[in-house]
Amino acid sequence: MKSEKHTIHDFDLNIIYEFFSNTERQGPGNKEETLKALGFIEGLDKKSKIADIGCGTGGQTLVLGESTPCEIIGVDTWSGFIDQFNQNARDRNFQGRVRGIVGNMENLPFGEEELDLIWSEGAIYNIGFERGLNEWRKFLKKGGYIAVTENTWFSEERPAEIQDFWEKAYPEIDTIPNKVAQMQKAGYLPVATYILPETIWTDYYTWQASRRESFLKKYKGNEAVEEFIASMQYEAELYYKYKAYYGYMFYIGKKI
Ligand code: SAH
């Protein structure tokens, strides 16, 4: 057993992935919200190509597959998630039209102007909002869309406890006007910006709480697991306390 202190980055990645496996979503989001965002995207047809970046097990990718006639490729670094996604896609008879590949959002395997839509729910923070918007733009056709969710401050000022937590966890967290300005500067027309309902977080944290319990039983005495669980629990507690000050937003832009 390890006795020294660890940060989340030191935890065995396999354990983190196991925690988030065999569930529909790995982040805050649901079918209704995916469909609402999709409603802002115009001009998709059978010839259109969509990439879902950081797709996880593909909960939202399958929704996009059911609701559009497009070719859809989900990309995630974790092969276990991609295997689960491809199994689900096969079960639904997408016949290869919707599929997952292992890949890195920092080095995507797409050609210039190949895509009509880039989707990314609960994942762009891994590369950073601004960097993702800038680097992924080249893969979009002119007039193509990007739709991403991102944690955002709702006000200019907020209590120190929550400020300090997110400044450490995700220093790029920023206010709505600053995020929209970043989107515009990166070469997109901001088409829609709106707050996701609180329930996408509370449902997510409720799911986490039940899995935390079974996980702690399975890994009883494993300090790294206990610390990982405690840090997730702390994040959830902060959300309930400070949800007036931040939350997830959908940002939808059109390449100009
Ligand atoms: N979009 C899914 C999953 C969100 S969780 C959902 O909303 O349910 C974030 C996902 O990003 C995880 O599946 C993780 O494996 C993936 N990820 C993290 N870093 C990545 C990277 N550099 N490239 C591609 N995927 C990455």
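The values are calculated or read from the model by the stated rules, or taken from the named source; none is laboratory data. Remember, it's a predicted structure, so these values are computed and weren't measured experimentally. Backbone-built Cβ (ideal geometry, glycine too); neighbour counts: all protein chains shown.
If you go through region 22-38 and keep only what is more than 9 Å from the ligand (Cβ to nearest atom) and modelled with pLDDT under 90, you end up with just ASN22.
Looking at region 213-227, can you tell me whether even one residue there is assigned to a helix (DSSP H, G or I), under 19 Å from the mean Cα position of the chain (by Cα) and without any contact (Cβ under 8 Å) to a residue 24 or more places away in the chain? Outline the logic, then answer.
We begin by selecting, within region 213-227, every residue assigned to a helix (DSSP H, G or I); these are 213-218, 223-227.
In the following step, the residues that additionally are under 19 Å from the mean Cα position of the chain (by Cα) were identified as none.
Scanning region 213-227 turns up no residue that is assigned to a helix (DSSP H, G or I), under 19 Å from the mean Cα position of the chain (by Cα) and without any contact (Cβ under 8 Å) to a residue 24 or more places away in the chain.
Taking region 39-58 as the range and being assigned to a loop (DSSP other than H, G, I, E, B) and either more than 12 Å from the ligand (Cβ to nearest atom) or free of Cβ contacts under 8 Å to residues at least 40 places away in the same chain (or both) as the test, the residues that pass are GLY39, PHE40, ILE41, GLU42, GLY43, LEU44, ASP45, LYS46, LYS47, SER48, THR57. Checked against (1) touching a Phe, Trp or Tyr at 6+ places or on another chain (Cβ under 7 Å); (2) over 16 Å from PHE129 (Cβ atoms), ASP164 meets all criteria but (1).
Screening the candidates GLU150, GLU106 for the property of being within 15 Å of the ligand (Cβ to nearest atom), exposed (fewer than 14 other Cβ atoms within 10 Å of the Cβ) and under 17 Å from the mean Cα position of the chain (by Cα) yields one hit, GLU106. Of all residues being without any contact (Cβ under 8 Å) to a residue 60 or more places away in the chain and either within 16 Å of the ligand (Cβ to nearest atom) or hydroxyl-bearing (Ser, Thr, Tyr) (or both) in region 133-146, which is farthest from PRO190 (Cα to Cα)? Just the residue, please. Here the answer is GLU135.
Of all residues in region 22-38, those that are crowded, with 16+ Cβ neighbours inside 10 Å and in a loop (DSSP other than H, G, I, E, B) total 7. Residues in region 59-75 that are buried (at least 20 other Cβ atoms within 10 Å of the Cβ) and either among the polar types (S, T, N, Q) or within 7 Å of the ligand (Cβ to nearest atom) (or both): GLY59, GLN60, THR61, THR68, VAL75. Somewhere in region 76-97, is a residue surrounded by 14 or more Cβ atoms within 10 Å (Cβ to Cβ), near the ligand (Cβ under 8 Å from one of its atoms) and β-branched (Val, Ile, Thr)? Yes, that holds for at least one residue. Can you say whether THR61 is in a loop (DSSP other than H, G, I, E, B), over 21 Å from THR193 (Cβ atoms) and within 17 Å of the chain's Cα centre (by Cα), as far as the supplied structure shows? Judged against the criteria, THR61 is not a match. Selection within region 109-132: residues that are in a strand (DSSP E or B) and under 15 Å from the mean Cα position of the chain (by Cα). The member of this set that is nearest to the ligand (Cβ to nearest atom) is SER120. Only residues that are outside any helix (DSSP H, G or I) and either away from the ligand (no atom under 14 Å from the Cβ) or charged (D, E, K, R) (or both) were counted across region 153-173, and they come to 10.
Residue-by-condition table, conditions (1) touching a helix residue (DSSP H, G or I) at 6+ places or on another chain (Cβ under 6 Å); (2) surrounded by fewer than 16 Cβ atoms within 10 Å (Cβ to Cβ):
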site	(1), (2)
TRP166	no, no
ALA169	no, yes
GLU172	yes, no
TRP207	no, yes
TYR219	yes, no
ALA224	no, no
GLN233	no, yes
LYS241	no, yes
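Can you tell me which of TYR145, TYR251 is in contact with a Leu (Cβ under 6 Å, 6 or more places away or on another chain), closer than 27 Å to LEU44 by Cβ, at pLDDT 95 or above and surrounded by 14 or more Cβ atoms within 10 Å (Cβ to Cβ)?
TYR145
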